[in-house]
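Working notes, structure below.
The values are calculated or read from the model by the stated rules, or taken from the named source; none is laboratory data. Computed from a prediction, not measured in an experiment: that's the story for all the values here. We place every Cβ from the backbone using ideal geometry, glycine too, and count neighbours over all the protein chains shown. Keep in mind that these areas ignore ligands, DNA and RNA; they rest on the heavy atoms of the full protein, side chains included. Shrake-Rupley method; radii C 1.70, N 1.55, O 1.52, S 1.80 Å.
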Amino acid sequence: MPLTDHSDLFASFHEDGFNHIIRHIMTQRPSLFNYSTQDLASPKYEPRLCSKIEFHLAVQEFNNPLVTVLPYMPIIGYTGPYGLSYTFQLTEFLVDFHPGNLITLPTELNPPLNEQRIALKGKVCGGVSCPEREITDKLIDELIDIPQDPTGKDRPDPEPPTKPIPSRKVECFCLELYATLQVIRSNGFIQLRLDGLELVDILPNGLENSLECYISTSLRLGILPKVRIALNDLVFSMNDFITIAPAPVTGDIPFNPSVSNNQLNAFLNLI
Amino acid sequence: MAHINLAASEKAFKGLFENLRDSLAVSTSDSGSFGPFTASYSAGIRLEGGSIDLKDSPDEVHISELDVVIDPLTLTLGIDLPEICVGGWCIIPSPFGGCWVRLPEICIFSANPDITIPLDLSGIITSEISGAFDIDASYFTNPAHAGMSDHQAFFSGNQHEWQFFLDPIWIDFDLIDISDTVGNILDSAIEFAIDGLLGWLPGWVRDALSWLLGGIVDVVRGLLDIVDDIDEWLSDLLGVSFGLFDFILTWVADELAKNFPIFKFEDPYPILAPAPGQIPVLVPVLNVDVDIDETELIISGDIG
């Protein structure tokens, strides 16, 4: 059957090609996948994170960051200027378009992969830079105890930490994550939307759920919206030559874009 | 299996072709001497219309009825008429020989050329181009990219490109028609030119000339070697003597095959546009291939 049976233009990306694209995004936009406090992000192109960052030479050539810098982690009950350093990295990202053939989903995500869905396997690494005992003992002496307001009012909220507590190493961990996603079209862009996410083998369940919640929210709000691809770029700027728009969803094109046969497909019409 | 497939229906391909067609235009001019007359022309050429038919086995794009619009077209003829002298006759001969009183002698057509006839022939020639084309995917290595990284080339607009050209397998130019009005245009222009040239002469001289020449328009036509069919004469002059139609054919073939791709994209391709403080994400596209079947054009490739 002709590819353009139901539209004027048709573009498809096989999952293998899409995974190549993801690799290029990860190496050319590393700060989208690597987060840490300022101290761990230095030196700029040799940060001290849990996983070594592979990046494209142009990132350094154009002075782009490798890492998105986050504020220091407040220490509960401590009111001084110090906070804990930490890092969070997405180090692997593999997608598998329906029908699933590259990724074996965990039972929590109800395999097999549903129609029009994408499976994702990733690796999350993170860690906290934990201060040695002698450092914390020294800081105890510097603590400034803010006296209770004699009028009985609450103490003011502590200021956010501005300095890292010195430490020698980051206590790192890496977790495998699995997710299911769907492709949506929004304002001329194609982007991934997270359906479900599962971290493997973490106990207790509450901890696992909390981590999953945090990572899901980061993916939904922070990372995936920034990896959206303009529809025009899916058809290699064909719009520079002819005026096109997404084909409407009909009986012949029930999904646009669609995920099937291990491909992401987009249908467009001339206008 | 290719990483990417990009398919354009025949309708979308026609859209691509029309975009290409409308960007093609050229001006040309030439001059030459052809015995008793000289000619020069100036032409603007563009393309309109045309129908597309995609063919499988072998992969071909057939283009037919692609109108060649020659507008403006100005042809200027310079004609060297034989010198004619009127008068000078002896009215009172001398009995001793010679002549006492003569009529004044008036010579005309002494210059070269004697008359210049500008003809506005814009839009009177109807012609078409038809042909069969392969689609050639070629890689344009931008010389301005030399010494630059791909990202530097992106920001300076000097990226390499994958370009897709219509490579002629065969191509024909058909002169369909030259409007009948060309005869009237030529005759009117000759009369206007003659009037301008002889208008200053006394009436008797003009009458004498007309009698002598048996119609100046016919003389001019004769000098131009127009026997009966002015269409054929104009076709020979423009097509054979000046080679205008071959020029058009070569121009169209060259522009389609070398200079104006029907579609192109940069390599590596910016799949994510630059953002503040972020370079574009460039992905190399490899193994690009083109396939044509009866209903669509398919461009395939791999992400490197």
In region B:1-115, if the dipole is taken from +1 on Lys/Arg beta carbons and -1 on Asp/Glu beta carbons about the Cα centre, which of B:L81, B:H62, B:T28 is farthest to the positive end? B:L81
Eigenvalues of the alpha-carbon gyration tensor of region B:187-304, times 5 and square-rooted, give semi-axes in Å, largest first, of 66, 20, 9
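About the Cα centre of the protein assembly as shown, how large is the charge dipole given +1 on each Lys and Arg Cβ and -1 on each Asp and Glu Cβ? Please answer in debye to the nearest 20.
The dipole magnitude comes to about 3140 debye.
Can you sort A:E15, A:E115 by solvent-accessible area, 1.4 Å probe, largest first? Don't skip to the answer; put the middle values down first.
Numbers: A:E15 0, A:E115 135 Å².
The ordering from most to least exposed comes out as A:E115, A:E15.
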Projected area, mean over directions - the protein assembly as shown, Cα convex hull, nm²: 46.2
Could you run the numbers on buried accessible area between A and B, total for both chains, 1.4 angstrom probe, in Å² to the nearest 100? 3600
Quarter of the Cα convex hull surface for chain B, i.e. its orientation-mean projected area (nm²): 24.7
How much of the accessible area of the protein assembly as shown, in percent, comes from carbon and sulfur atoms when a 1.4 Å probe is used? 53
Once you have the Cα-Cα distance between B:S110 and B:Y139, take 0.36 nm times their residue separation minus that, and quote the gain in nm to one decimal. 4.3 nm
Net charge (Lys, Arg +1; Asp, Glu -1) of residues whose beta-carbon lies under 13 Å from that of B:P284, B:P284 excluded, is -4
Return the Rg/Rh ratio of region A:65-136 with Cα-based radii and a Kirkwood Rh. 1.22
Averaged per residue, the 1.4 Å probe accessible area of the protein assembly as shown, protein heavy atoms only, in Å², is roughly 48
For the protein assembly as shown, what does the helix formula give at 222 nm: sum of -39500 (n - 2.57) over DSSP H segments with n ≥ 4, over the residue count, nearest 500 deg cm²/dmol? -6000 deg cm²/dmol
Size of the dipole of region B:219-299 about the Cα centre, Lys and Arg at +1 and Asp and Glu at -1 on the beta carbon, nothing else charged, in debye to 20? 620
Give me the dipole magnitude in Debye, nearest 20, for region B:100-192 about the Cα centre, with unit charges on the beta carbon: positive for Lys and Arg, negative for Asp and Glu. 480
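Please state, to two decimals, what the Cα-based radius of gyration of region B:93-178 comes to when divided by 2.2 N^0.38 Å (N = residues).
On the way: Rg = 33.7 Å, N = 86, 2.2 N^0.38 = 12.0 Å.
Working it through for region B:93-178, the quotient is 2.82.
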Using a 1.4 angstrom probe on protein heavy atoms only, which residues from region A:211-237 are buried by at least 50 Å² of accessible area when all chains are present rather than their own chain alone? A:D233, A:F236
Can I get the semi-axes of chain A's equivalent ellipsoid? Compute them from the C-alpha gyration tensor as square roots of 5 times the eigenvalues, in angstrom, largest first. 44, 20, 18
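With Rg and the Kirkwood Rh both taken from Cα atoms, where does Rg over Rh land for region A:93-245?
Here the Rg-to-Rh quotient is 1.17.
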Please check chain A for the longest run free of trypsin sites (Lys or Arg not before Pro) that are loop-located per DSSP (anything but H, G, I, E, B) and have at most 10 other Cβ atoms within 10 Å. A:170-271
With just the Cα atoms of region A:201-271, tell me how far they stretch along each of the three principal axes, in Å, largest first. 55, 27, 19
Label B:L24 and B:I176 with points 7 Å out from Cα along Cα→Cβ: what is the distance between them in nm? 1.6
